[in-house]
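Below is one structure, written out as structure tokens; the observations come after it.
The values are calculated or read from the model by the stated rules, or taken from the named source; none is laboratory data. Computed from a prediction, not measured in an experiment: that's the story for all the values here. Quick reminder, even Gly has a Cβ in these numbers, built from the backbone with ideal geometry, and neighbours come from all protein chains shown.
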Amino acid sequence: MLFERQKCLLALVDSLGGDVGALDFQKLLFLYCRGVETTPSYEFVPYRFGGFSFTCDADKRRLIEQGLLADEERCWKLTPASRRVATVAPMVRMRMDQFARRHAKLRGDALVTTDISSGDRLIQETLADHVHGVVGWESLSTLTADQQPAPVH
């Protein structure tokens, strides 16, 4: 049995071609959740390479265990079985397909730039919530990717 959010993950991977790099997928999912969904399916925290969702990461491991994603650390790749269960409401699928077409050529650095500019408010709010008191708010804007606080496990 899959959660609706897990079906959405599979459907989004399918809309994106069925095989997406892991870093790119996290950024695309961030943009999708913040830009398309009314209520985001996943929460994101600032991370070394942009927004990261621990729930999404746990869902990926679960989908691999169920044989719905290939067991590959650096990519999200559908299996033949996953295409049968990657069903979402037609309007949701239409929005996913539109999103995938709009972001078809964005990968790597171009995607990270879009990620940061599109999610600037979220990143600032998340940083404020998670590191307030550890790093002064005024200095957060000067942090480089390698200086950002690591997430708590």
Query raised in the report: Hey, among Gly50, Gly35, Gly21, which residue is among the small types (Gly, Ala, Ser), surrounded by 14 or more Cβ atoms within 10 Å (Cβ to Cβ), touching a residue at least 60 places away in the same chain (Cβ under 8 Å) and in contact with a strand residue (DSSP E or B) (Cβ under 9 Å, 6 or more places away or on another chain)?
Result: Gly21
**Report entry** Considering residues of the stretch 46-96 that are under 15 Å from the mean Cα position of the chain (by Cα) and of a type in the set (Ser, Thr, Tyr) only, the residue modelled with the lowest pLDDT
**Finding:** Tyr47
Query raised in the report: Is it the case that the stretch 55-65 has a residue that's in contact (Cβ under 8 Å) with a residue 12 or more places away in the chain, crowded, with 20+ Cβ neighbours inside 10 Å and of a type in the set (Lys, Arg)?
Result: yes
Requested in this report: Please verify whether the stretch 79-100 includes one or more residues that are in contact (Cβ under 8 Å) with a residue 24 or more places away in the chain, more than 20 Å from Pro40 (Cα to Cα) and either out of contact with any helix residue (DSSP H, G or I) (no Cβ under 7 Å at 6 or more places or on another chain) or not in a helix (DSSP H, G or I) (or both).
Outcome: no
Query raised in the report: For the stretch 135-146, does any single residue satisfy the condition of being over 17 Å from Phe25 (Cβ atoms), surrounded by 11 or more Cβ atoms within 10 Å (Cβ to Cβ) and at pLDDT 85 or above?
Result: no
Query raised in the report: Restricting the stretch 66-100 to residues that are of a type in the set (S, T, N, Q) and surrounded by 13 or more Cβ atoms within 10 Å (Cβ to Cβ), which is farthest from Asp14 (Cα to Cα)?
Result: Gln66
